Amino acid sequence: MSDKTLAKDAIKEKYAAERAKRLRSDGNEQYVRLEGEFENYAKDPHLPVCERSPVKDHVTVALVGAGFSGLVVGAQLKQAGISDIRLIDKGGDVGGTWYWNRFPGARCDTAAMIYLPLLEETGYMPSEKYVRGPEIFNHCLRIARHFGLYRKALFHTEVTSIEWQTEREVWRIRTSRDDDFTAKYVAMGTGPLHVAKLPGIPGIETFKGKSFHTSRWEYDFTGGDEFGDPKKRLADKRVAVIGTGATGVQCIPPLAAASKSLFVFQRTPSSVDQRNNQKIDPDWFQSVSTPGWQKRWMDNFVENMGGGIPSEDLIDDGWTEISRRVRKKILGKTPLWVARAVSRIGKTLNRSPSGRNPERLRAAFEDADIEKMDEIRARVDSVVQDEQTAENLKAWYPQLCKRPCFSDEYLPAFNSPNTTLVDTGGKGVEQITETGLIANGRLYEVDCIIYASGFEYGANFQLKSGFDLVGRNGQKLSEHWGEGLRTLHGLQMHGFPNAFMIQMNQAANMASNIPHNIVDHAATVAQIVSHAETNGFSSVEPTREAEAEWVELILTNPGSMIGSTDCTPGFWNNEGQGWSKEFKQAQGHPGGAAGFFQHMEAWRTAGDFKGLLFHAAKNHEAASEKPELVS
Ligand code: NDP
């Protein structure tokens, strides 16, 4: 056995040992929801709730969720000539994730050129390669204003029920503000990660100091603001942060700078690569932003993240580097032009390029990943002065086991004398008392606990949205999805006419650029609704057969290397509990994001709406027996 193989085996053993330390039998049950005695954690600290009268009217389209999904679908519908649109959101404005998450240091890890949707349409140039939260939130406001989406919007409003009215062929929508209105079409853009969760640490309810979740940041308490003003009110406070995921990595540096003392409670270290942010030069931006530029950039990112051998990498960041390394390993010394030619022929013949059998791909991925993670661990040593702290900050798992993080400020924060990393050896905080937290058997007394403990994740729509969709004949979506997700294109369900789900499952499933998923779904929604309206159809839904075929196709997906069950536990791999059937059925297109986007582009271009039924009849029940298929 070569030294290299031995070293690789030793690393894999270390990975397995670290995973074992973190594995717990309660999986997702370890967290608590922000309800009952914890409901105060869910309150909106950003805007007061305004009084208003309940709404009782009819709109053409109701969009549940005014984050990127609602905004982009609304914008594309407006562009397609559908103007009677209502956004509904539990937040006090549009923005979704970026309305709620105003924690200091918030920034997006995906390049703004592809992350901020509708840049071309709104004529906006991002200020930096990776922009801050407030700039993203502002862009959401820009989209809403640009496309006139505020007019009928309802904020601080939670949908409580959506039911299909067979007689009138409309959806009846009721809300927490006593609204009771109808809509011909509904689209749900409720987001993959919007229900904040707290760690179910014994005694969590007993803490007498201040505590809040990062998605409900209380600047009244900390001082400062999300634009970077110093959090002066923390200067005499002892602060604890629980959680070192993408949020913790971003809010810890400003907290280290502002607090009297900061204790960072770590269960699993994140992999933290360099950020390397740059300002965007207006001259450069002008030179690249020729018509159609944003789609080209989004497509280029997908190509670089996926199967092909792209001729250029427009984004050139930590995400595309992962694929670049794997590609380099597979190709070895093969000249690039030969590989590209083989790839092109492979595509023409519909075969995978350059001998990429799954074993070869997996081995190349493993080798490239071990090299990368060695670099990331070495970076910790080169930045963090205290040897033990550096050791504890090293991530021992493949990079895509947990969400990769990118920051130039996180590791240096641990060189501040007021900042202490409390590594819990994978066990987490043991207990919370009236005055502080117990970890490794020691009490840390603090004035404030900040929970950077993440969000609920999974395919359970009803739990995440707080309502069930009740379709034709009283069928509930929770029943339709009782044995796993069933959709056509991840977007529409048989028996739920005129309803659209804007989400990633059974679709592109691309976590590295969620807006691309949304932009693509929005284009499909706009085309379908516009066709139905232009031709006077009363409803549209997928056939049972088309839906079943799509699910079958999804189940042929062998599974991605992201969030493998061998990974250290986290929300990407169902807390290490193995994949339930529901999870397997919620994965993406077997051709990856590229495969899905290509399929949808071809589907839209064909224009025959394959798999959909457009109903002309007034009486829908009769129509469902003998549908009039118009395409
Ligand atoms: P995560 O779920 O990624 O992280 C939660 C953190 O809380 C983990 O470190 C977890 O530890 C820790 N934790 C949970 N319970 C305990 C406990 N009992 N004791 C100690 N620690 C505990 O949530 P985030 O909010 O960080 O990120 C969620 C997602 O939001 C990201 O994956 C990303 O998609 C998105 N995001 C993107 C950002 C960006 O673009 N830069 C910024 C912020 C968020 P463990 O790992 O052991 O489970």
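Tabulated results
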quantity: Residue match in the range 78-101 (condition: part of a loop (DSSP other than H, G, I, E, B), farther than 25 Å from Asp273 by Cβ and of a type in the set (Phe, Trp, Tyr)); calculated: no
quantity: Strands (runs of 3 or more DSSP E) contained entirely in the range 393-466, each with at least 2 residues that are open to solvent by less than 40 Å² (accessible area, probe 1.4 Å) and either under 25 Å from Gly576 (Cβ atoms) or at pLDDT below 95 (or both); calculated: 419-423, 436-439
quantity: Single unsatisfied condition, Ile82 versus (1) of a type outside the set (D, E, K, R); (2) open to solvent by 30 Å² or more (accessible area, probe 1.4 Å); (3) more than 13 Å from the ligand (Cβ to nearest atom); calculated: (2)
quantity: For Gln250: the one exception among (1) more than 8 Å from the ligand (Cβ to nearest atom); (2) surrounded by 18 or more Cβ atoms within 10 Å (Cβ to Cβ); (3) within 26 Å of the chain's Cα centre (by Cα); calculated: (1)
quantity: Ser53, sole failed condition from (1) closer than 30 Å to Gln577 by Cβ; (2) part of a loop (DSSP other than H, G, I, E, B); calculated: (1)
quantity: Within the range 560-569, tally of residues that are touching a helix residue (DSSP H, G or I) at 6+ places or on another chain (Cβ under 7 Å) and either part of a helix (DSSP H, G or I) or among the small types (Gly, Ala, Ser) (or both); calculated: 2
quantity: Matching residues, the range 274-295, being touching a residue at least 60 places away in the same chain (Cβ under 8 Å) and among the small types (Gly, Ala, Ser); calculated: Ser289, Gly292
quantity: Residue within the range 190-200 that is over 22 Å from the mean Cα position of the chain (by Cα), surrounded by fewer than 21 Cβ atoms within 10 Å (Cβ to Cβ) and not polar (S, T, N, Q) present; calculated: yes
quantity: Residues of the range 590-631 satisfying the condition of being surrounded by fewer than 16 Cβ atoms within 10 Å (Cβ to Cβ) and at pLDDT below 90; calculated: Ala616, Lys618, Asn619, Glu621, Ala622, Glu625, Lys626, Glu628, Leu629, Val630, Ser631
quantity: Residue list for the range 7-63, filter: touching a Gly at 6+ places or on another chain (Cβ under 6 Å), over 30 Å from Phe227 (Cβ atoms), surrounded by 15 or more Cβ atoms within 10 Å (Cβ to Cβ) and among the aliphatic types (A, V, I, L, M); calculated: Val32
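The values are calculated or read from the model by the stated rules, or taken from the named source; none is laboratory data. Everything numeric here is computed off the predicted structure, so don't read it as measured data. Neighbour counts are summed over all protein chains in view; Cβ atoms, including those assigned to glycine, are modelled from backbone coordinates with ideal geometry. Ligands, DNA and RNA are excluded from the accessible area calculation, which covers all protein heavy atoms including side chains. Shrake-Rupley method; radii C 1.70, N 1.55, O 1.52, S 1.80 Å.
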